[in-house]
Amino acid sequence: MSEAMSSAIVQSRSGNDSVGAQAMDERRDGSLRKEYRLLREGIGLSDYRAMGKFKVLGPASLELVNRVVLADVSRVPIKKMLATFILREDGGVSCETYVANLGDGYLLLTEGASPAEIAGLLANEARDVPGAEVVDTTRETALFSVDGPYAWELIKDLVGMEILGARYLEVVTDQSIAGTPATIYRAGKTGEFGYWIAVGKESAERTWAALLEAGRPFDLALCGSEATDLCKLENRFINVVREGARAGNVLELNCRTMVSRDKGEYRGRAAVESVIERGLRRRLIGLTLERGSPSDKLPELGAAVSYRGVTIGKVANVAYSYTLGRPIAVAFLDVDYAYVGLDYDVGASCARSNARTVSAPFVFNKSLAIRFQESSYLARDSR
Amino acid sequence: MDEALRARIAHRKSILAAIKQELVERLQLDFDPAILDDDTFLFGSGLALDSIDAMELIIGLQARFGVELPEGDLAPMRTINTLADVVCADVRAAAA
């Protein structure tokens with residue numbers, strides 16, 4: 001299975017100008033476009049086993065989690081999740097973290113740092129918090145993601161109608177897929193319906209096969225990280241290894257409402273408070289670039305954004321949007337210039353593109369127009 | 001920064017500030033309007049508004065800006081910035 005899964009991972013475009021490389025780029029673009037269409041118009045399946053998975057248990061579990069993550073977890077109801085970050089001490093982003101309130105403790109799903117690194121960090125913090133125990137379940141748990149405007153229909157067929165009542169960031173326990181106990185997290189980072197399915201590692205193969213089998217009438221296929229990253233960018237979810245890694249401080253990512261100033265100490269707090277006191281110097285904003293074809297060379301990460309020859313920021317993430325038919329980017333701009341509807345230049349003078357600042361998100365999602373009673377992937381041809 | 005750009009930014013900022021104030025006051029959100037980022041999402045993992053809040057917001061924007069958001073049209077209801085896009089477009093249309 002791992003071989004099949006890895007074959008779905010599409011490599012990034014090389015940007016090489018040779019004819020052979022160009023042909024390879026076109027083949028890659030074809031696979032990327034196919035996977036992207038699945039996520040935007042059908043259903044795609046991804047393997048999230050690389051995510052870190054940690055249970056924090058015991059009477060002091062809330063205290064420990066709150067010491068580690070940016071947001072105030074005490075506001076998360078049982079069987080709900082919130083999306084937040086674990087920061088470095090300098091206020092930059094260490095990793096993205098979904099925190100689920102399990103009732104008897106918390107589950108942390110982490111991405112952007114190695115599970116070993118997060119395990120070390122949690123163990124270190126736990127030394128100062130008696131009554132909290134950290135259990136690393138990364139290797140014992142498999143996590144699969146089913147995303148797309150019709151993902152709900154497949155999941156409904158697998159576990160029953162009740163799943164349709166689950167709201168975004170809700171945790172649905174005590175489910176069963178192909179006889180395997182499963183927990184379903186209504187989540188996702190594509191802007192479409194998304195369900196994360198967690199099962200024990202001993203049941204991973206069976207669950208994966210069941211998903212593929214049940215997904216056959218839906219034309220379900222595997223989607224790699226490049227396709228999900230593109231959807232993530234279009235919907236302005238933070239990509240922790242792109243714009244997240246380039247943020248000097250988490251507040252540059254437009255996360256001010258995540259900050260609780262009265263929850264006590266947490267990693268990176270001093271740096272966050274310092275920026276709140278002195279004010280932000282730059283922040284992330286979306287840009288659409290001149291219309292082009294998917295094979296056109298994209299601006300480099302870190303390319304300058306300028307206004308009349310004066311540099312006002314840097315590109316932090318860029319990709320070609322098939323929906324918009326043009327490249328899209330996010331850039332950290334000087335806060336004085338970071339407003340929507342303005343025309344700037346991206347890149348060096350020899351390869352400069354016109355760019356316009358735009359509102360988040362870049363696209364309107366098909367899932368927003370879905371009505372469970374009226375929509376069906378299976379019946380779409382008969383309508 | 002030249003005067004034309006400065007004026008456009010000032011106009012956008014004033015609309016964003018008014019929308020944030022309307023959001024917080026009308027929906028009684030537990031936020032200072034000044035801390036709301038322009039690209040804050042209204043639903044989901046952003047402000048986590050619900051459908052009742054959305055109706056209130058539509059009424060509030062109509063009262064404050066005279067802008068009519070069609071019921072069921074979700075495109076303008078994504079972020080504070082998408083709301084500002086609608087208000088700015090309406091102001092431009094009125095001025096034309």
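The values are calculated or read from the model by the stated rules, or taken from the named source; none is laboratory data. Just so it is clear, the model here is predicted, and its values are computed rather than measured. Here the Cβ positions follow ideal geometry from the backbone for every residue, glycine too, while neighbour counts run over all protein chains shown.
Against the test of being modelled with pLDDT under 90 and among the basic types (Lys, Arg), the options B:8, B:92 yield a single qualifying residue, B:92.
Scan the range A:275-296 for residues that are among the hydroxyl-bearing types (Ser, Thr, Tyr), in a loop (DSSP other than H, G, I, E, B) and in contact with a Lys or Arg (Cβ under 9 Å, 6 or more places away or on another chain) and jot them down. Before the answer, list the steps.
Here is the first cut: in the range A:275-296, the residues among the hydroxyl-bearing types (Ser, Thr, Tyr) are A:288, A:293, A:295.
So of that shortlist, the ones also in a loop (DSSP other than H, G, I, E, B) come out as A:293, A:295.
A:295, the sole residue that qualifies.
For the range A:284-294, the condition of being touching a residue at least 12 places away in the same chain (Cβ under 8 Å), closer than 23 Å to residue A:94 by Cα and surrounded by fewer than 21 Cβ atoms within 10 Å (Cβ to Cβ) holds for none of the residues. If the condition is being more than 15 Å from residue A:352 (Cβ to Cβ) and out of contact with any helix residue (DSSP H, G or I) (no Cβ under 9 Å at 6 or more places or on another chain), then the range A:303-334 contributes A:325, A:326, A:333, A:334.
Here is a list: B:6, B:12. Which entry is surrounded by 18 or more Cβ atoms within 10 Å (Cβ to Cβ) and either free of Cβ contacts under 8 Å to residues at least 40 places away in the same chain or in a helix (DSSP H, G or I) (or both)? None of the others qualify; the one that does is B:12. Residue B:39 - would you say it is of a type in the set (Asp, Glu), touching a residue at least 12 places away in the same chain (Cβ under 8 Å) and assigned to a loop (DSSP other than H, G, I, E, B)? Judged against the criteria, residue B:39 is a match. Listed conditions (1) in a strand (DSSP E or B); (2) within 14 Å of another protein chain (Cβ to nearest Cβ) are all met by residue A:167, apart from (1).
The residue list A:170, A:162, A:153 contains one member that is of a type outside the set (Phe, Trp, Tyr), farther than 23 Å from residue A:50 by Cβ and in contact with a strand residue (DSSP E or B) (Cβ under 6 Å, 6 or more places away or on another chain), which is A:170. So for the range A:116-124 (the condition being assigned to a loop (DSSP other than H, G, I, E, B) and either buried (at least 20 other Cβ atoms within 10 Å of the Cβ) or under 21 Å from the mean Cα position of the chain (by Cα) (or both)), does at least one residue qualify? No; the residues of the range A:116-124 include none that is assigned to a loop (DSSP other than H, G, I, E, B) and either buried (at least 20 other Cβ atoms within 10 Å of the Cβ) or under 21 Å from the mean Cα position of the chain (by Cα) (or both). What are the residues in the range A:236-260 that are assigned to a loop (DSSP other than H, G, I, E, B) and more than 10 Å from chain B (Cβ to nearest Cβ), if any? Answer for the range A:236-260, where residues must be assigned to a loop (DSSP other than H, G, I, E, B) and more than 10 Å from chain B (Cβ to nearest Cβ): A:238, A:239, A:240, A:241, A:242, A:247, A:248, A:249, A:260.
What residue, among those in the range A:88-98 that are of a type outside the set (S, T, N, Q) and crowded, with 24+ Cβ neighbours inside 10 Å, is farthest from residue A:252 (Cα to Cα)? That would be A:95.
Residues checked against (1) more than 14 Å from chain B (Cβ to nearest Cβ); (2) free of Cβ contacts under 8 Å to residues at least 60 places away in the same chain; (3) part of a loop (DSSP other than H, G, I, E, B); (4) in contact with a strand residue (DSSP E or B) (Cβ under 7 Å, 6 or more places away or on another chain):
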site	(1), (2), (3), (4)
A:301	yes, yes, yes, yes
A:311	no, yes, no, yes
A:323	no, no, yes, no
A:339	no, yes, yes, yes
A:355	yes, no, no, yes
